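Structure, as structure tokens:
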Amino acid sequence: MISGAEFDAIPHPRWRVHLCADIFLSLSEGVPKEQRQRMEESFESFYLRTPWGALYHAVSPPSPRSAERMARWLAAMLRFWDVLQGPRYAYRMPDTHHTLDELMDYRI
């Protein structure tokens, strides 16, 4: 995932959320193939309960597979909208900072 969040709290250290997909890939190592779908669904369910998981699925999601799944992603995003409006986001353009609205306009 190229996208990430940057907190503009200068001169404080910055937090950057990136490579969320790597978390999932690391979790799936060693999971038997027949249990993978259940593991994917469990991880997604957990991750959508966090602001960063909701943002990840709204901005850089895997293909939705269904309208119901896409509705879950957008509902999670709306649940955290106020929390996620504070940071400025870097997304695919280095040294460019977007508001949440701009990020979503770019994506959708």
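Structure summary
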| read-out | value |
| --- | --- |
| At R0 = 30 Å, FRET efficiency that the Cβ-Cβ distance of Asp95 and Phe46 yields, to 0.05 | 0.35 |
| Alpha-carbon gyration tensor eigenvalues x 5, square-rooted, for the stretch 32-71, Å | 18, 13, 8 |
| Inter-label distance, nm, simple model (7 Å from Cα along the C-beta direction), Asp82/Ile23 | 2.3 |
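Since every read-out is calculated from the coordinates, none of them should be taken as a lab result. Everything quoted here is computed from the prediction, not taken from an experiment. We place every Cβ from the backbone using ideal geometry, glycine too, and count neighbours over all the protein chains shown.
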